[in-house]
Amino acid sequence: RSRKIQIRNIPPHLQWEVLDGLLAQYGTVENVEQVNTDTETAVVNVMYATKEEAKVAIEKLSGHQFENYSFKISYIPDEEVSSPPPPQRSRRGGHSSRERGSSPGGSSQPKQLDFPLRMLVPTQFVGAIIGKEGLTIKNLTKQTQSKVDIHRKENAGAAEKPITIHATPEGCSEACRMILDIMQKEADETKSAEEIPLKILAHNSLVGRLIGKEGRNLKKIEQDTGTKITISPLQDLTIYNPERTITVKGNTEACSNAEVEIMKKLREAYENDVVAVSQQANLIPGLNLSALGIFSTGLSMLPSTPGARGAAAAAPYHLFALPEQEVVNLFIPTQAVGAIIGKKGQHIKQLARFAGASIKIAPAEGPEASERMVIITGPPEAQFKAQGRIFGKLKEENFFNPKEEVKLEAHIKVPSFAAGRVIGKGGKTVNELQNLTSAEVIVPRDQTPDENEEVIVKIIGHFFASQTAQRKIREIVQQVKQQEQK
């Protein structure tokens, strides 16, 4: 018996929230990860806090009917839980859409993150892209020094197939241009379509930054390249498909130019997230990033950072000292309160259980208040999980325009004697903090300390920015406290 189980045959359109609610009925879920497979249905591995809970979940969920799908469940032996051997990871599912492995193809700079270009192409052009005996695709990969996967098994019967291209940014663009040329030529010969649009797939967590504030980034790309760009709605996202489709219309040349600019923005957002994640791993020793599971900012889709594993091993003192309880006040739109609480308080209870934090919603300040305060109490890892889920939920439930990143205000309290250090000489530290994290950090100057001699620091930003700023500020406070004790 083990604490870890695998659930197969999950309907691909099932929302995470629903699955989450189901799993939480049988105990405390420590980790949920989606397994990359080429099957039509989704597969997830679930780790419960105890073997007992896993046993109950297996008994109750076996054969559980969801629409016309019946769950299939089995145990995963414990030794696999403790340390999955890395080679198996990359073999699993080979080239699935959610894989972000390192590229065997071409890049001479080992430091560059492998961020593949994902395209959707009409199924009728797949033959032409592959070519007779695979010659066209061989020639394409050789010329562009890329590795190209055409996922023909995915979406059986669908009108479009995904293609993943691993290469340097230049290699990806060159391969994309060649594929567009092949499709256009084929379309001209068969007179099947006038102009073939370019369709790029991108993880939902990156799309907000591609669009930019009030859509500015997209408008600029459209103007500079003479194209028309649309993005698929959030409603199309499911458990099995965290990607949105970016459709670019224009001639082949214009589409190719737009691809360069779009991928530049997406790559930048992705790299920032990877940096933020590895900083989290270093800032919170022992933080198990994969255990943060499945909130829709797409964390589970990011690569495991070497820092994360190293940090987990190097944190023995956590076993003896109880992790420090932190309090963060997060402000959410008033109209989102119902979604966070859920029917009969189910969602907020489940969230508190998942994160290992106490989560309370303060009463409204007045009938006209546009925001409500969520008080989250728990150690650093619990803060990270709880806040992550709240940001994700607001995005999922469309409380923010699909074209904008979810940005929230968080308040943390610091001892009044440490406030000066957070600001720094002439505001130097606070400015550095803002540059490093891209969050807005405000230490109101004329505050009267409260009864605990503490003052409020305000942090405004998207999830990763806010998290990194919170950690850094707490780090400064720790240093000041240690110096005081000396």
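The values are calculated or read from the model by the stated rules, or taken from the named source; none is laboratory data. Please read these numbers as outputs of a predicted model, since none were measured by experiment. All Cβ positions, even for glycine, are placed from backbone atoms using ideal geometry, and neighbour counts span all protein chains on display. Accessible surface is based on the protein model in full, side chains and every heavy atom, while ligands, DNA and RNA are left aside. Shrake-Rupley method; radii C 1.70, N 1.55, O 1.52, S 1.80 Å.
Counting only protein heavy atoms and a probe of 1.4 Å, the accessible surface of segment 4-75 is 50% carbon and sulfur.
Each Lys or Arg adds one and each Asp or Glu takes one away; over the other residues whose Cβ falls under 12 Å from the Cβ of Ile246, this sums to +2.
Pairs with C-alpha atoms separated by more than 23 Å, drawn from the list Lys219/Lys249; Lys264/Lys393; Lys344/Lys407, are Lys264/Lys393; Lys344/Lys407. Every pair of different Cα atoms in segment 117-276 enters the Kirkwood calculation, which places the hydrodynamic radius at 16.2 Å.
Using a simple spin-label model with pseudo-atoms 7 Å out from Cα toward Cβ, Gln143 and Glu253 lie 1.8 nm apart. Projecting label points 7 angstrom from Cα along Cα→Cβ for Ser370 and Lys60 puts them 4.2 nm apart.
Quick check: from the Cα gyration tensor, does segment 326-485 come out rounded (a/c under 1.5), prolate or oblate? In terms of gyration-tensor shape, prolate. Summing Lys and Arg as +1 and Asp and Glu as -1 over all other residues whose Cβ lies under 14 Å from the Cβ of Gln434 gives a net charge of +2. Electrostatic bookkeeping for Val32 treats Lys and Arg as +1 and Asp and Glu as -1; over the other residues with beta carbon under 11 Å from its beta carbon, the sum is -2.
Separation of segment 194-223 and segment 352-366 by C-alpha centroid, Å? Using only Cα atoms to place each centre, the spacing works out to 35 Å.
One decimal place: the segment Tyr69-Asn398 gains 115.6 nm when fully extended, by the rule 0.36 nm per residue minus the C-alpha distance.
Shape class for segment 4-75, computed from the alpha carbon gyration tensor (a ≥ b ≥ c): prolate, with a/c not under 1.5 and a/b above b/c. Stretched out straight at 0.36 nm per residue, the stretch from Ser192 to Ala159 would grow longer than its current Cα-Cα span by 10.5 nm.
Within a straight-line Cα-Cα reach of under 16 Å, Lys72 can be paired with the following lysines, leaving aside sequence neighbours fewer than 8 residues apart in one chain: Lys4, Lys55, Lys60.
Averaging 1/r over each pair of different alpha-carbon atoms in segment 136-207 and inverting the result gives 13.6 Å, the Kirkwood hydrodynamic radius. Put the Cα centre of segment 23-72 next to the Cα centre of segment 431-468 and the gap is 40 Å.
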